[in-house]
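All remarks here apply to the structure that follows.
The values are calculated or read from the model by the stated rules, or taken from the named source; none is laboratory data. These numbers were taken from a predicted model, which means no experiment stands behind them. Please note: Cβ atoms are built from the backbone with ideal geometry, for glycine as well, and neighbour counts cover all protein chains shown. The protein model used for the area step is the full one, side chains on, heavy atoms only, and it has no ligands, DNA or RNA in it. Shrake-Rupley method; radii C 1.70, N 1.55, O 1.52, S 1.80 Å.
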Amino acid sequence: MAVDITLLFKASVKTVKTRNKAMGVVFDLPKDEIFKKSRPNNGFSLKAKEVISNITKLKDFLLQHRKDYVNAGSLISSDLTRMTDNERDQIDQDAQIFMRTCSEAIKQLRSEAEKRVISTQIKEHRGAVLDLIEMYLKGVCKLYSEQRAIRVKRVFEQENQRLVSEMSNLVDEVRQIEGKVVEISRLQEIFAEKVLMQETEIDSIHQLVVGATENVKEGNEDIREAIQNNAGFRVWILFFLVMCSFSLLFLDWYDS
Amino acid sequence: MAASVREKQAAALKRMLNFNTSPLKNTAAEPVWKVLIYDRFGQDIISPLLAVKELRDMGITLHLLLHSDRDPIPDVPAIYFVMPTEENIDRICQDLRNQLYESYYLNFISAISRSKLEDIASAALSANAVTQVTKVFDQYLNFITLEDDMFILCNQNKELISYHAINKPDIMDTEMEAIMDTIVDSLFCFFVTLGAVPIIRCPRGNAAEMVAVKLDKKLRENLRDARNSLFTGDNMGAGQFSFQRPLFVLADRNLDLATPLHHTWTYQALIHDVLDFHLNRVSMDESVGSEASPSGARPKKKNKKSYDLTAADKFWQKHKGSPFPEVAESVQEELDTYRAQEDEVKRLKSIMGLEGEDEGPISSISMSDNTAKLTSAVSSLPELLEKKRLIDLHTNVATAVLDHIKSRKLDVYFEYEEKLMSKSTLEKSLLDIISDPDAGTPEDKMRLFLIFYITALQPPSETDLDQYKKALLETGCDLSSLNYIKQWKAFTKIAATPSNYGNSGTCMIISHAAARWSQSVVINYLVRKNRVFKVFFFQNLPVTRILDNLMEMKSNPETDDYRYFDPKMLRGSESSTPRNKNPFQEAIVFVVGGGNYIEYQNLVDYTKAKPGKRVLYGCSELFNAGQFIKQLSSLGQK
């Protein structure tokens, strides 16, 4: 278990100070040290810190809107907090642009760091710092891509649901049609049966009709014959009557 | 002590690297960059715990040695992690005067003295940099944790506290005091980090006793100082689940000299013995293109490769204590599973490639199944690559170890020594093995002979000894270490009868299933030798036995007159009767004079057999048999 002796150290500093004062040792503050602090190399760490703060901003932004972003289509959420898809797309785009600029900045820093002629240790240190920043950026990008994956999953789910409902509609319709077709076929069967029955009847009727036609034809013949007979008979009767009347008339003359 | 020592130390380091505040869990936090400056001590402490990648993740852009040329990096805070020695302090003052960094966070590995603090204060004043020194901390981390339950004191300057330094005949009191102070300082830091005040037991009459006395005094002083006590409630923190205090057993290396010389058969101990293994890093010459050449063809090129064996390596964690043939089998298994997974991925790839060209094969596979499989395959790719890397690593390491085993016939030595140490009947005579020209290096033979000498109940007769000496000299061994062992044996005989090796051996169970695996080179070699592996019963090494007695409060003539210290008691009592009658749940074993992985493995095996008990192993330095023999030789030459 570690022991914090910072206070002890500060106490030692005080002791040494008082001791030095007592002994009359004076430390003149090296004034140029203060200027030395504002070194040109500071530029690197400032820029690096800037990139980090940017990435942190992005992370906060993503986390802030995460809840709204993810709550796509939940029935519980009120309309006020729901985001439209446009807004989501906007966020996606912005985030991507931001991430791209950040990684550009990192690359730039890296190439700058390599160009400068400085010691190997500082170079290694800067390389490692940039690696750390990149990892951080990757972590934040992972946040973003997780969010995005959830959203994409949601979109797919919605589409899935839509497709499912469409399909189920189709299925219903098809079922209905199927029922109707079954009925039609049933009726068709009945028709066929009836038609078959009628066929036999029609056959018999046909037969009868043919017989009737024959009979009628014969009847016609007979009637014609009868008429002829009738006409012939009438002629003979007429002849007989005329003959009788002539015979009467003859007889009458003869007698006269 | 729910969190292991390693976790505690790593957490302390991480806290330090986060400007001495707790690290936030927020994963997308803004990066803050810093520079880490350490000395060699700090480097040794940090390197087993944190990899360079972890340092980078915490924002450390550069890590530099204190005494190297460092350029000014003007707007970066710097974290120092150094020992408070004179030269380090001077260098820090120089840095302050040269205005190298924007702010300074000074962390001292062990406590800094008031006068040195004033030195820094005056340097800061003269450089007008007092405001820049933001924080000063005493970290109390002056020890190196290698495993969850193993620690050593230091790696730099370890000659100063080595076995040689402690046991050399012409040692002066001042030197001894200095050594004891170093050891006690590190142990104190260890207990501060652990957050517990132990109960100390130690044998009488040797270096371990001196360490125990000093440590007890230091802990007692610190506890009395209520204002600055490091063991107050909030320091102990969470994790203080056990209401019992741990047992701290101090042992001296002189108790058991055979174990460091022993040839071993478990993976981690073998690597330490045979290859160059420091601070969890193996360095070896890798010959290009000699993956499995049993004939030992001369390699054309040699690159030096080093591998880190870390806590994240699951295979290592599982198998570091396993016997070597088991390791070879497991590597084979891992390779097979990896190949199966690789084939799966390839199959998926080919299926995906067929899409659009040929409808036939995919019509039988549904699309959704494919995407699921594909995503799982893609996400498991990094794991697969990591697995492959680890398998390659272990294959290389195991092959290197195997080469050594084969060329030096280490299995012969191991079996023989096992028999010596467990006093079973010997099949071959010692002389045969020593005069056998292709069994092992001269060092191996020396080791074997020394173990024989140490474990023999009576020393061999003069004629036998001369015979052995002649044979050893013929093979080119250096006999000075034998002189020292003779002296040691004489000394310990006076003190007590060494019946230490009545039951000693290490755990080794090798299945007969070795014959199945005819593909693997290792098993091939071993099977060709027609070895029937017997089952050795698990038996304890001397150190483990002592621990067992003390932890379980068993009565044993060996440990009964161990001294007892309890820093929390108001009066320092000289009695050796422990007040606590319950067995301890946690124990820390520390060997003064050096330790090695064989003892560590034995303790781990002992702990595994007793659920609910935790044992930590520490030593003042870690040496393998080769280094130990060198120390013995230089002692014997005096």
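Does the range A:121-139 contain at least one residue that is in a helix (DSSP H, G or I), open to solvent by 80 Å² or more (accessible area, probe 1.4 Å) and more than 14 Å from chain B (Cβ to nearest Cβ)? Full working, then the answer.
Of all residues in the range A:121-139, those in a helix (DSSP H, G or I) come to A:121-139.
Those left that are additionally open to solvent by 80 Å² or more (accessible area, probe 1.4 Å): A:123-124, A:135, A:138.
In the following step, the residues that additionally are more than 14 Å from chain B (Cβ to nearest Cβ) were identified as none.
No, the range A:121-139 contains no residue that is in a helix (DSSP H, G or I), open to solvent by 80 Å² or more (accessible area, probe 1.4 Å) and more than 14 Å from chain B (Cβ to nearest Cβ).
Does residue B:336 satisfy the condition of being open to solvent by 80 Å² or more (accessible area, probe 1.4 Å), over 25 Å from the mean Cα position of the chain (by Cα) and at pLDDT 85 or above?
On the way: open to solvent by 80 Å² or more (accessible area, probe 1.4 Å): no; over 25 Å from the mean Cα position of the chain (by Cα): yes; at pLDDT 85 or above: yes.
No.
Could you tell me how many of the residues in the range B:118-137 are open to solvent by 10 Å² or more (accessible area, probe 1.4 Å) and either in contact with a His (Cβ under 6 Å, 6 or more places away or on another chain) or in a strand (DSSP E or B) (or both)?
Total meeting the criteria: 3.
Residue-by-condition table, conditions (1) modelled with pLDDT of 80 or more; (2) within 26 Å of residue B:267 (Cα to Cα); (3) in a loop (DSSP other than H, G, I, E, B):
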{"site": "B:568", "(1), (2), (3)": "yes, no, yes"}
{"site": "B:572", "(1), (2), (3)": "no, no, yes"}
{"site": "B:579", "(1), (2), (3)": "no, no, yes"}
{"site": "B:591", "(1), (2), (3)": "yes, yes, no"}
{"site": "B:603", "(1), (2), (3)": "yes, yes, no"}
{"site": "B:616", "(1), (2), (3)": "yes, yes, no"}
{"site": "B:627", "(1), (2), (3)": "yes, yes, no"}
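With the requirement that a residue be at pLDDT 65 or above, more than 7 Å from chain B (Cβ to nearest Cβ) and part of a helix (DSSP H, G or I), what does the range A:21-48 give you?
A:21, A:22, A:23, A:43, A:44, A:46, A:47, A:48
Within the range B:56-94, how many residues turn out to be within 30 Å of residue B:4 (Cα to Cα), facing chain A (nearest Cβ under 10 Å) and open to solvent by less than 20 Å² (accessible area, probe 1.4 Å)?
4
Looking at the range B:398-416, is at least one residue part of a helix (DSSP H, G or I), open to solvent by 30 Å² or more (accessible area, probe 1.4 Å), small (Gly, Ala, Ser) and at pLDDT below 85?
no
Going through the range B:312-329 one residue at a time, which ones are closer than 21 Å to residue B:602 by Cβ and open to solvent by less than 60 Å² (accessible area, probe 1.4 Å)?
Passing the criteria: B:316, B:319, B:320, B:321, B:322, B:323, B:324, B:325, B:327.
Taking the range B:131-142, which residues are more than 7 Å from every other protein chain (Cβ to nearest Cβ) and either touching a Cys at 6+ places or on another chain (Cβ under 6 Å) or within 20 Å of residue B:222 (Cα to Cα) (or both)?
If we filter the range B:131-142 for residues that are more than 7 Å from every other protein chain (Cβ to nearest Cβ), which is where we start, we get B:131-132, B:134, B:141-142.
Answer for the range B:131-142, where residues must be more than 7 Å from every other protein chain (Cβ to nearest Cβ) and either touching a Cys at 6+ places or on another chain (Cβ under 6 Å) or within 20 Å of residue B:222 (Cα to Cα) (or both): B:141, B:142.
Between B:110, B:115, which is open to solvent by 30 Å² or more (accessible area, probe 1.4 Å), under 30 Å from residue B:183 (Cα atoms) and among the small types (Gly, Ala, Ser)? Can you show your working first?
On the way: B:110 fails: open to solvent by 30 Å² or more (accessible area, probe 1.4 Å).
B:115 is the lone residue from the list that is open to solvent by 30 Å² or more (accessible area, probe 1.4 Å), under 30 Å from residue B:183 (Cα atoms) and among the small types (Gly, Ala, Ser).
To keep it simple, each residue is scored yes or no on (1) loosely packed, with under 10 Cβ neighbours inside 10 Å; (2) among the aliphatic types (A, V, I, L, M); (3) without any contact (Cβ under 8 Å) to a residue 12 or more places away in the chain.
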residue	(1), (2), (3)
A:147	no, no, no
A:162	no, no, yes
A:208	no, yes, yes
A:224	no, no, yes
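Collect the residues in the range B:256-270 that are assigned to a helix (DSSP H, G or I) and over 22 Å from residue B:632 (Cα atoms), keeping them in residue-number order. Full working, then the answer.
Here is the first cut: in the range B:256-270, the ones assigned to a helix (DSSP H, G or I) are B:259-261, B:267-270.
Within the range B:256-270, B:267, B:268 qualify.
Determine, yes or no, whether residue A:107 is within 14 Å of another protein chain (Cβ to nearest Cβ) and over 25 Å from the mean Cα position of the chain (by Cα).
no
May I ask you to list the residues in the range B:587-627 that are among the aliphatic types (A, V, I, L, M) and touching a strand residue (DSSP E or B) at 6+ places or on another chain (Cβ under 9 Å)?
Correct list: B:587, B:588, B:589, B:591, B:592, B:598, B:603, B:604, B:615, B:616, B:622.
Scan the range B:30-71 for residues that are of a type in the set (S, T, N, Q) and over 21 Å from the mean Cα position of the chain (by Cα) and jot them down. So that I can check it myself, show each step before the final result.
To start, the set of residues in the range B:30-71 that are of a type in the set (S, T, N, Q) comprises B:43, B:47, B:61, B:68.
B:61, B:68 - these are the residues of the range B:30-71 that are of a type in the set (S, T, N, Q) and over 21 Å from the mean Cα position of the chain (by Cα).
How many residues does the range B:150-200 hold that are buried (at least 21 other Cβ atoms within 10 Å of the Cβ), hydroxyl-bearing (Ser, Thr, Tyr) and over 17 Å from residue B:634 (Cα atoms)?
The total comes to 2.
Looking at (1) buried (at least 22 other Cβ atoms within 10 Å of the Cβ); (2) closer than 25 Å to residue B:312 by Cβ; (3) of a type in the set (Val, Ile, Thr); (4) within 14 Å of another protein chain (Cβ to nearest Cβ), which one does residue B:35 not meet, given that it meets all the others?
Exception for residue B:35: condition (2).
Any residue that is at pLDDT below 85 and assigned to a loop (DSSP other than H, G, I, E, B) - is there at least one of those in the range B:630-638?
Scanning the range B:630-638, I find at least one residue that is at pLDDT below 85 and assigned to a loop (DSSP other than H, G, I, E, B), so the answer is yes.
Only one of (1) more than 10 Å from every other protein chain (Cβ to nearest Cβ); (2) among the hydroxyl-bearing types (Ser, Thr, Tyr); (3) in a loop (DSSP other than H, G, I, E, B) is not met by residue B:145, so which one is it?
The number of the failed condition is (3).
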